[in-house]
Amino acid sequence: TGPVLNLLFDPAKPIDCPQDTDGEIEFSVNGGASPYDFTVDGNNPPLSPVVGGPINYTASGLGLGQHSIVVTDDVGCSQTLEATITTSSDLTGTIEATPALCNDGVSTGKADVIALTGSSPFDFWEVGVGVVTTDNQDVVFTGLLPGMHNFIIRDSHTCEIELSVEIEEIAGVVFTTR
């Protein structure tokens, strides 16, 4: 038997936004019998050697969450490392809706789109409509017809979240005859 296969790794590189896939895990392989086979989350991706030595590697293109790297040496011995990719953004938001008045198809509904967390300035927009950029934490969209409306908030790190709200309508006065 040869030397024991060992894995060492640095803290995982966090991603800027939850939807990003540019996280990285740098690790090194010591011992065992080369060459080594690698799997990252069950796949066999090409791994980039880190400058400074042929036994240092980078698993890249990783998204938010836990990742598993399995290294198997030439005689079948394997080691697994688990690392978690985190995000530096915590962009969250909410919508407060005001119903459209009457039942006449007039666009009087409102949606107050609010960034609860994240980094200012923010961009707010209704999907398919223009962008509003502001240092404020919220924007009120007016003139909305009853129905579903989708809004996007983007912070200064270009992190985005999409929120949906239904603008209801208040029933108009109904007259009946006796």
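The values are calculated or read from the model by the stated rules, or taken from the named source; none is laboratory data. Being a predicted model, the structure only gives us computed values, none of them experimental. Note that we place each Cβ from the backbone using ideal geometry, even for glycine, and neighbour counts take in every protein chain shown. Accessible surface is based on the protein model in full, side chains and every heavy atom, while ligands, DNA and RNA are left aside. Shrake-Rupley method; radii C 1.70, N 1.55, O 1.52, S 1.80 Å.
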Q: Among residues belonging to the range 75-129 that are among the aliphatic types (A, V, I, L, M) and in a loop (DSSP other than H, G, I, E, B), point out the one that is nearest to H149 (Cα to Cα).
A: V127
Q: Tell me which of these V131 doesn't satisfy, since it passes every other one: (1) at pLDDT 90 or above; (2) within 19 Å of G93 (Cα to Cα); (3) of a type in the set (A, V, I, L, M, F, W, C).
A: (1)
Q: May I ask you to verify whether V50 is modelled with pLDDT under 85, surrounded by 15 or more Cβ atoms within 10 Å (Cβ to Cβ) and over 30 Å from E160 (Cβ atoms)?
A: yes
Q: Report, by residue number, each residue of the range 142-162 that is among the hydrophobic types (A, V, I, L, M, F, W, C), part of a strand (DSSP E or B) and surrounded by fewer than 17 Cβ atoms within 10 Å (Cβ to Cβ).
A: M148, I152
**Q.** Residues (more than 22 Å from the chain's Cα centre (by Cα), without any contact (Cβ under 8 Å) to a residue 24 or more places away in the chain and more than 13 Å from A97 (Cβ to Cβ)) located in the range 136-167
**A.** N136
Q) Which residues, taken from the range 6-37, are assigned to a strand (DSSP E or B), more than 30 Å from I161 (Cβ to Cβ) and open to solvent by less than 30 Å² (accessible area, probe 1.4 Å)? A) F27, S28, V29
Q: Return the total of residues in the range 89-118 being within 30 Å of P14 (Cβ to Cβ) and at pLDDT below 85.
A: 2
Q. Is at least one residue of the range 81-97 out of contact with any Asp or Glu (no Cβ under 6 Å at 6 or more places or on another chain), open to solvent by 50 Å² or more (accessible area, probe 1.4 Å) and closer than 30 Å to A33 by Cα?
A. yes
Q: Pick out the one residue from V139, V165 that is open to solvent by less than 50 Å² (accessible area, probe 1.4 Å), more than 22 Å from T87 (Cβ to Cβ) and touching a His at 6+ places or on another chain (Cβ under 6 Å).
A: V165
(Q) Anything in the range 61-74 that is β-branched (V, I, T) and either crowded, with 18+ Cβ neighbours inside 10 Å or modelled with pLDDT of 90 or more (or both)? List them, or say none. (A) I69, V70, V71
Q.
Among the residues that make up the range 168-178, is at least one of them within 25 Å of the chain's Cα centre (by Cα) and of a type outside the set (G, A, S)?
A. no
